[in-house]
Amino acid sequence: MADAIPTNTTHQGSNEKTNHEDDFKVTPWEVEGEIDYNKLIEQFGTQTITQAIIDKVKRITGDVHPLLKLQYFFSHRDFDWILNKYENDEKFYLYTGRGPSGMVHMGHLLPWLFTKYLQDKFGSNLIFQLTDDEKFLYGQDKTREEIKLYTYENILDIIAIGFDPKKTRIIVDTKHIKYLYPLAIEIAKKTTFSTAKAVFGFSNSTNIGMIGFPPIQAAPCFLPSIIEGKPTPVLIPAAIDQDPYWRMTRDISERMGYYKPAQIHSKFLPGIGISGKMSSSKPETALFASDEPETIDKKVSAAFTGGQATVRLQRMLGGNAIGCPVFWHLRYFFDTEKQSDERLIRCKSGNLLCGECKGDLAKESKSFIIEFKKRREKAKDIIADFMYDRENYESD
Ligand code: TYM
């Protein structure tokens, strides 16, 4: 049944092709338009995650995470190579991150939950970077004090995911710059302005802090090699918007004596409005891990769905689950594959009304968030255990 579900969908609105089907933009700072994920693979020059790769993960770990099976993680660079290395007894590090510009929403949590699964299954060490510098430099609206506050809040979110403290190190750019800077200047020296312009779209009006920033996000790709004292494979799980950083990094890795970092890319969790990814800039269509239960109820009850205008029409014509963000939220977060496939059939045949799906989403999101908040509270006491410099960590 799941095979009948299109894999390149934007998850919202109509799934029909339009005259503007190429009209989308994905950069680390802007995601716009109706994304065709197959086209994005071509544009970015990445690889599709094949069934053979999924089978290999299953062979090695005995299990496949639903986000991999459902092709939410859909694209990669060298993921197969990392699996081969692992099979040949060469363990890999994981590296992922967050730009602390606000409270996290459910979209941010998906790559982190998947990273935790990889850490558990492969026993990997994880470097988690917080790019507080990037979020100060990009845009005009945030002060350093605000970014510092969100850095603290996001550290609690990261710890609440449940990563293994013995295998996880959080690196905050402005606090731990001495570990990154020697690598960053090596990377910067090998990267021309013309490459940076082509990869990131910088222009004459971009501030020079942003132009100089990419080597700082690239540096953790090579930190594991420094820690281990030998070239060490690294796998980066993230949504595909971060890929430009890795394109730049992969270009210079071998010249610096390191492996190219491998990636596994996810799609974007849609917002619960008519279009667009879940984004902090559209708070009314984003479910935040810090939202109160009443707020979740309000947002979910106002969500866009693939339902017909009236109950009578829904019963007669059935709904469009594929273009319904509520369906996709339930599928990626809460339903089992079987439950989700059944939901699809009941929706299409007019036997399921939007109110039931919204009720399920509100109930599941609220219990997830209540639990998450409890874990965030506990995280307050163990921050030092996770910090990059935990041996000498001082809070500020
Ligand atoms: P940031 O804070 O924009 O995003 C954090 C992570 O969430 C992913 N993401 C989403 N995933 C699914 N659906 C969405 N709607 C959605 N919105 C964001 C992002 O791809 C990312 O994985 N510069 C980075 C911070 C960073 C980083 C890294 C990220 C530093 N090093 C290494 C990934 C890997 C940033 O601002 O992410």
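The values are calculated or read from the model by the stated rules, or taken from the named source; none is laboratory data. Given the structure is predicted, the values throughout are model-derived calculations rather than measurements. Every residue, glycine among them, receives a Cβ derived from its backbone with ideal geometry; neighbour counts consider all protein chains shown. Accessible surface areas use protein heavy atoms only, side chains included; no ligands, DNA or RNA. Shrake-Rupley method; radii C 1.70, N 1.55, O 1.52, S 1.80 Å.
Helix 354-379 sits at what angle to the longest principal axis of the chain, using alpha carbons and giving 0 to 90 degrees rounded to 10? Once rounded, the angle reads 30 degrees. Say a site is exposed when it is one of the GluC sites (Glu not before Pro), sits in a DSSP loop, and has at most 16 other Cβ atoms within 10 Å; what is then the longest site-free stretch of the chain? Longest gap between qualifying sites, sites excluded: 91-393. Between the amide H of residue 170 and those of 128, 387, 388, distances stay under 5 Å, these residues lying 5 or more places away or on another chain, with hydrogens modeled in the peptide plane. For residue 269, the amide hydrogen comes within under 5 Å of the amide hydrogens of 278, counting only partners 5 or more places away or on other chains and with H modelled in the peptide plane.
Each residue of the stretch 227-242 was assigned a 3J(HN,Hα) from its phi angle through the Karplus expression (A = 6.51, B = -1.76, C = 1.60, θ = phi - 60°), giving 4, 7, x, 7, x, 10, x, 10, 10, 10, x, 6, 6, 6, 4, 7 Hz with x at Gly and Pro. The antiparallel fraction among DSSP beta bridges confined to the chain stands at about 40%. Over the residues of the chain, the helix contribution to mean residue ellipticity at 222 nm works out to -13500 deg cm²/dmol, using -39500 (n - 2.57) for each DSSP H run of at least 4.
Using only Cα atoms, locate the centre of the stretch 70-144 and the centre of the stretch 255-306, then give the distance between them in Å, rounded to an integer. Each part's Cα centre sits 15 Å from the other's. What the Cβ-Cβ distance of residue 61 and residue 194 gives, at R0 = 56 Å and to the nearest 0.05, is a FRET efficiency of 0.85.
Please work out the Kirkwood hydrodynamic radius for the stretch 289-376, using every pair of different C-alpha atoms, and report it in angstroms with one decimal place.
13.4
How far is helix 177-189 tilted, in degrees, relative to the longest principal axis of the Cα atoms in the chain, given as a value from 0 to 90 rounded to the nearest 10? Once rounded, the angle reads 90 degrees. Inverting the pair-averaged 1/r between distinct Cα atoms of the chain gives 22.0 Å as its Kirkwood hydrodynamic radius. Counted residue by residue at 0.36 nm each, then reduced by the alpha carbon distance between them, the extension gain from residue 81 to residue 144 reaches 18.7 nm.
Quick check: the angle from helix 106-122's long axis to the longest principal axis of the chain, C-alpha only, nearest 10 degrees? Helix 106-122 sits at roughly 60 degrees to that axis. Shape descriptor for the stretch 214-284: Rg over Rh equals 1.13 (Cα atoms; Rh from the Kirkwood inverse mean 1/r). Take every pair of alpha-carbon atoms less than 8 Å apart whose residues are at least six positions apart; their mean separation over the length of the chain yields a relative contact order of 21 percent.
Per residue, the chain exposes 46 Å² of solvent-accessible protein surface, assessed with a 1.4 angstrom probe and all protein chains in place. For residue 75, the residues whose amide H sits under 5 Å from its own are 49, 265, ignoring neighbours fewer than 5 places away on the same chain, with H placed 1.01 Å from N.
Hydrodynamic estimate: the Kirkwood radius of the stretch 174-246 over Cα pairs, inserted into Stokes-Einstein at 4 °C and 1.567 mPa s, corresponds to D of 96 µm²/s.
Please list 338, 358 in order of solvent-accessible area, largest first, computed with a 1.4 Å probe with all protein chains present. Before the final figure, lay out each step's value.
Values: 338 140, 358 40 Å².
Descending order: 338, 358.
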